[in-house]
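> Supplied in structure tokens, the structure appears directly below.
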Amino acid sequence: MAGALLLIVMIAPAAAAAGCVLVRVPRVAEGLNLIASLAVCAAAIPLTILSARGPYYYLSEYIIIDIAGAWVILCTAIVYLLASIYSIGYMRLLGEDEKLWGFYALFAGFALTILLSAVMNNAGLYWIAIELTTLVSTFLVGFERAAESIEAAWKYIIIISAGISLALLGTVLFYWCGSFVLGQTYDMTWEALRDAAPKMNPALALLSFFLVLVGYGTKVGLAPMHTWLPDAHSESPAPISAMLSGALLNTAMLGIVRYLAIANAAQNEILARKTLVAFGVLSLIVGALFIVRQNGIKRLMAYSSVEHMGIVALGFGIGGPLGIAGALYHMLNHSLNKSLMFFGAGNAMRSYGSKEIRKIRYLWAYFPMQGALWLAGAVAITGAPPFGLFLSELVILRAGFERGYDWAVYAMAVLLIVIFIGFLNHFRAMYFDTAGAAPEDRPAQISRWCVVPMWLALVPLVVFGVWWPSAMWDHFAAAAHTLTGAAP
Amino acid sequence: MLVAHLDPLASSLFSLMAITSLLLAFVMLGSRWFINYLYAFAAESWVIAALSAAVGFYGNYPELYLIAILTALFRGLVLPYLVWRIIGRLNVAREIREILQPSSLLVVGAVCVVFALAVSYRIGQSLGLAGTVAVLALTIMLSMKLIGFLMLTVRHEALSEILGLLVLENGIFLGAQILVPGMPMLIEIVILFDLLVVVACFGVLVRYLVAHVGSTSSLDLNRLVG
């Protein structure tokens with residue numbers, strides 16, 4: 001059953017990508033991609049539920065479906081679906097119909113590589129899958145071919161390749177660590193490494209973990225390795241920004257989490273956790289500083305991604321059932337919410353013809369319904385109730401107190417307040433500021449394809465904010481057990 | 001563990017080849033013409049291929065011969081050819097604006113090697129492998145990493161950045177041959193092919209840079225800030 005679902009998740013985007021390349025008709029490509037994303041989403045939801053009974057192994061243990069991996073697939077599938085709906089409206093606005101088939105082929109390929117890396121059971125293959133996500137998405141970042149987007153694509157690929165090569169070094173050194181225990185040739189599965197970890201040399205394991213953390217941390221966008229993130233997120237087409245932020249970052253975080261479990265087992269628990277927590281706090285600081293003084297609307301969203309990845313890193317770093325539950329929950333909420341935010345930003349950018357916040361004014365007067373949606377999203381992303389992010393942040397704060405990371409919790413609370421004020425101040429200006437001159441002609445209206453996915457993202461956010469079913473709680477508890485290797 | 005009980009001849013042969021490739025990394029650090037970087041890189045790849053074959057011979061890993069052939073073919077011929085084609089497309093043939101003179105860069109590189117040695121020495125001691133070729137391999141792995149990063153930071157041309165990344169990869173590959181010769185072949189082969197795709201992507205991007213930005217120097221990539 002789980003195998004069949006996984007097959008659908010993998011084949012649908014692959015078929016869509018192949019179909020786009022073969023047919024090369026823009027409307028068909030849109031349709032194929034949308035159908036693929038629907039199929040992925042429809043398969044990912046039961047897969048997530050089934051994964052609690054797992055883990056399942058396929059292809060002589062090269063593929064694994066465990067709870068954390070399935071959870072990342074779920075987040076990716078949701079963002080993929082939303083972004084596919086959105087891109088139908090958005091990409092038509094660009095007026096490059098003849099290139100659209102290439103866009104959708106890359107788009108489906110990008111989704112495929114992200115989904116693939118979530119199920120890799122071999123540390124080396126996981127590295128390759130992550131590398132593939134970079135290669136495919138570079139061309140999506142540079143899709144608009146403006147000087148800015150090519151600059152962003154170049155910075156993206158150079159910084160990520162350099163970072164990810166550190167992760168490769170860490171992977172090789174981890175293999176070396178394991179070879180003292182398991183012999184010269186063995187399959188480098190997560191489980192094998194974790195089982196061998198207690199007998200690994202702690203110093204070497206720590207060095208390897210730090211290399212991996214910095215390497216995949218670059219991909220996650222943890223400060224100070226986040227420098228590619230605002231450029232790539234702000235210059236790519238809006239649906240791709242949503243995919244980068246809501247799907248890609250989570251997948252790289254999954255790798256860090258898996259390695260963290262190994263480092264913990266290798267007698268490095270305290271130092272490894274503290275480092276991840278420190279990266280998280282630093283990301284929050286950098287996010288807060290750049291959010292307060294930001295001019296670009298999409299860069300604002302990008303720095304908010306740095307902030308939220310910092311929060312997820314804090315959750316996993318603090319650990320324990322509560323920390324892991326909070327972090328996983330935060331991943332899903334952030335995926336939903338950041339898609340909503342990037343869609344809104346893309347709409348505003350297209351209607352006003354500018355990426356600068358100060359040129360976007362009178363949103364409330366011109367776009368009452370869509371404006372209200374985006375504003376609700378902004379309130380949600382700053383962590384205010386009654387939205388899902390409030391709950392998940394609260395859980396992470398509680399976990400911090402419980403596990404003795406009081407300093408991190410206080411820092412997080414203060415920085416979240418700073419971000420709340422800074423972020424919403426930009427929105428106040430865009431909605432209610434009357435000091436600037438009103439734009440002379442009414443900004444262009446946006447198609448319905450671009451508004452519907454915003455609704456689809458907001459409704460679950462509200463639902464998750466007020467209702468946390470106990471089944472989900474059990475699911476997270478099981479995830480915490482499988483990640484740390486303890487019996488449930 | 002292969003490195004713990006090697007016969008002296010093998011161990012000095014490995015050391016010689018490892019140190020040669022480190023020296024070639026320094027050649028790249030010290031020159032400013034792209035074509036010289038490229039020759040040094042190709043030579044380094046050939047040395048690594050020879051090292052794979054030697055490890056295969058002394059450690060009894062016949063599959064490493066295949067890796068050696070593939071390394072020589074892909075890293076030693078195809079990759080340099082792809083990079084050479086990128087060079088042909090550029091209208092610059094060397095680094096023009098330098099932050100650091102090549103001579104001072106060499107000194108910084110030497111400091112990097114000392115740092116790498118200090119780290120590997122400690123690790124080697126805690127593993128009980130002090131004085132073996134493993135420490136040397138780890139040192140060279142880490143120092144080629146640092147040298148690659150040095151090239152990435154102080155050089156501006158797109159091509160230097162590509163070659164800097166390739167040096168990073170070469171360092172890892174070299175160390176892996178000595179430290180973990182038993183690493184499953186699948187992974188090594190996939191990584192080799194992956195590298196080809198990476199360089200092909202770089203080629204396309206460099207073309208876009210020339211066409212849409214009008215420069216391949218990272219000093220001119222200054223539109224996105226804040």
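> Order of B:S11, A:S392 from fewest to most other C-beta atoms within 10 Å? Don't skip to the answer; put the middle values down first.
On the way: B:S11 18, A:S392 28.
By the 10 Å Cβ count, ascending, the order reads B:S11, A:S392.
> Relative to the compact globular guide of 2.2 N^0.38 Å, what is the alpha carbon radius of gyration of region A:295-391, as a ratio?
Ratio of Rg to 2.2 N^0.38 Å for region A:295-391: 1.19.
> Loop only by DSSP, 14 or fewer other Cβ within 10 Å of the Cβ. Give me the trypsin sites (Lys or Arg not before Pro) in region B:91-135 that pass, ordered by residue number. Present the calculation step by step, with values, prior to reporting the outcome.
Numbers: sites: B:R94, B:R97, B:R122; in loops: B:R97.
Those that pass, being in a loop and sparsely packed, are B:R97.
> Another one. Using the charge dipole of region A:2-484 (Lys, Arg: +1 at Cβ; Asp, Glu: -1 at Cβ; taken about the Cα centre), state which of A:S87, A:Y352, A:F107 has its Cα farthest towards the positive end.
Among A:S87, A:Y352, A:F107, the one farthest towards the positive end of the dipole of region A:2-484 is A:Y352.
> Next up: Tell me whether region B:1-107 comes out rounded, prolate or oblate; compute the Cα gyration tensor, take square roots of the eigenvalues as a ≥ b ≥ c, and use a/c under 1.5 as the rounded threshold.
Oblate, because a/c is 1.5 or more while a/b does not exceed b/c.
> Let me ask something else about it. Taking the Cα atoms of chain B alone, what are Rg (to one decimal) and Dmax (as a whole number) in Å?
In order Rg, Dmax, the Cα atoms of chain B give 18.1, 57 Å.
> Shifting gears a bit: Could you work out the equivalent-ellipsoid semi-axes for the protein assembly as shown, taking the square root of 5 times each eigenvalue of the Cα gyration tensor, largest first, in whole Å? Walk me through the numbers before you get to the answer.
Values: eigenvalues 336, 178, 112 Å².
Semi-axes (√(5λ), whole Å): 41, 30, 24.
> What trypsin sites (Lys or Arg not before Pro) does region A:273-344 have in DSSP loop regions with at most 16 other beta carbons within 10 Å?
Loop-located and lightly packed - A:R293.
> Here's something else I'd like to know. Apply the a/c threshold of 1.5 to the C-alpha gyration tensor of region A:236-377 and tell me whether it is rounded, prolate or oblate.
prolate
> Filter the GluC sites (Glu not before Pro) in region A:59-125 down to the DSSP loop ones having no more than 16 other Cβ atoms within 10 Å, then list what survives.
A:E61, A:E96
> Also, I was wondering about something else. Just how far, in whole angstrom, is region A:184-235 from region A:62-86 if you go by their alpha carbon centroids?
21
Where a number appears in this text, it was derived from the coordinates with a stated rule and is not lab data. The model shown is predicted, which means the values in this text are computed figures rather than measured ones. Please note: Cβ atoms are built from the backbone with ideal geometry, for glycine as well, and neighbour counts cover all protein chains shown.
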